[in-house]
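**Q** Take this structure, written in structure tokens, and hold onto it; I'll ask about it next.
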Amino acid sequence: MSEQRNSPWVVDTRELGRRPGLSRKLERVVETPVPMGVEGVITVPKGAQIELDVLLESVVEGVLVSGTAVAPVAGECSRCLDPISPDDHDVSAEFTELFAYPDSITEETTDSDEVFRLVDDKVDLEPVVRDAIVLALPAAPLCQEDCAGLCPDCGGRWADLGPDHRHETIDPRWAALTERFRTDRDA
């Protein structure tokens, strides 16, 4: 296990026994030990509080762990480059994972990197939650769903510029003709 026995990420499953059909709900708030995500784009910051709502179910081959994790995120908007604050934004991720019993057929027939295993009747939720959260993070994070982004000509934020903001662009092939009409109007 990646954490000590008394880590909030580690859950003891002994009270479930090995009788299929028994289940236990668990709600817990845990702190992330390292940032999760892509630094400079979008992350769950180190020390963030992650809310876990988990169902542990005893099945023939092990313990099926399913649930949701909700965590605050910080980063930068991909359209307007404004900061995304963890106070205002979060990510929700669902996960389902089988933790195989040490002597189960699943444990014996599956490569070590393809399935999680129970160790001393305990499950470590950190890698499962981390994988689910990282996959749930947006590839192009937005500060708001309807963020208009930046003006491609001047770099100003469309939200600050207003609806009448425009830049006159003239096709270089017509530039001489445009200059001729300006001269005629000015005379």
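**Q** Would you pick out the residues in segment 65-94 that are under 30 Å from Gly155 (Cβ atoms), modelled with pLDDT of 90 or more, of a type in the set (Val, Ile, Thr) and in a strand (DSSP E or B)?
**A** Val91
**Q** Out of segment 73-88, which residues are within 15 Å of the chain's Cα centre (by Cα), open to solvent by less than 50 Å² (accessible area, probe 1.4 Å) and not small (Gly, Ala, Ser)?
**A** Listed by number, the residues that qualify are Val73, Cys77, Ile84.
**Q** Working only within segment 49-64, note down all residues that are outside any strand (DSSP E or B) and either of a type in the set (A, V, I, L, M, F, W, C) or closer than 16 Å to Leu137 by Cα (or both).
**A** Val60
**Q** Anything in segment 4-36 that is under 29 Å from Pro141 (Cβ atoms) and in contact with a helix residue (DSSP H, G or I) (Cβ under 6 Å, 6 or more places away or on another chain)? List them, or say none.
**A** Trp9, Met36
**Q** In segment 19-48, how many are assigned to a loop (DSSP other than H, G, I, E, B) and of a type in the set (S, T, N, Q)?
**A** Residues meeting the conditions: 1.
**Q** Okay, moving on. Name the single residue, out of those in segment 95-127 being assigned to a loop (DSSP other than H, G, I, E, B) and of a type in the set (A, V, I, L, M), that is modelled with the highest pLDDT.
**A** Leu125
**Q** Any residue in segment 137-160 that is among the basic types (Lys, Arg) sitting within a Cβ distance under 6 Å of a residue that is surrounded by 14 or more Cβ atoms within 10 Å (Cβ to Cβ) and part of a loop (DSSP other than H, G, I, E, B)? List the pairs, counting only those 6 or more apart or interchain.
**A** From segment 137-160, the pairs are Arg157/Cys80.
**Q** So the check is Cβ under 7 Å with 6+ separation or different chains; which pairs have a first residue in segment 6-31 that's farther than 22 Å from Ala69 by Cα and a second one that's of a type outside the set (Val, Ile, Thr) and in a helix (DSSP H, G or I)?
**A** So the pair list comes out as Leu22/Leu16.
**Q** Can you give me the number of residues within segment 154-164 that are open to solvent by 100 Å² or more (accessible area, probe 1.4 Å) and of a type in the set (D, E, K, R)?
**A** The number of residues fulfilling the criteria is 2.
**Q** Name the residues in segment 37-56 that are surrounded by fewer than 18 Cβ atoms within 10 Å (Cβ to Cβ) and under 30 Å from Asp121 (Cβ atoms), would you?
**A** Lys46, Gly47, Gln49, Glu51, Asp53, Leu55
The values are calculated or read from the model by the stated rules, or taken from the named source; none is laboratory data. All values derive from a computational prediction rather than experimental measurement. Neighbour counts run over all protein chains shown; Cβ positions are idealised from the backbone, glycine included. SASA here: full protein model, heavy atoms, side chains in, ligands and nucleic acids out. Shrake-Rupley method; radii C 1.70, N 1.55, O 1.52, S 1.80 Å.
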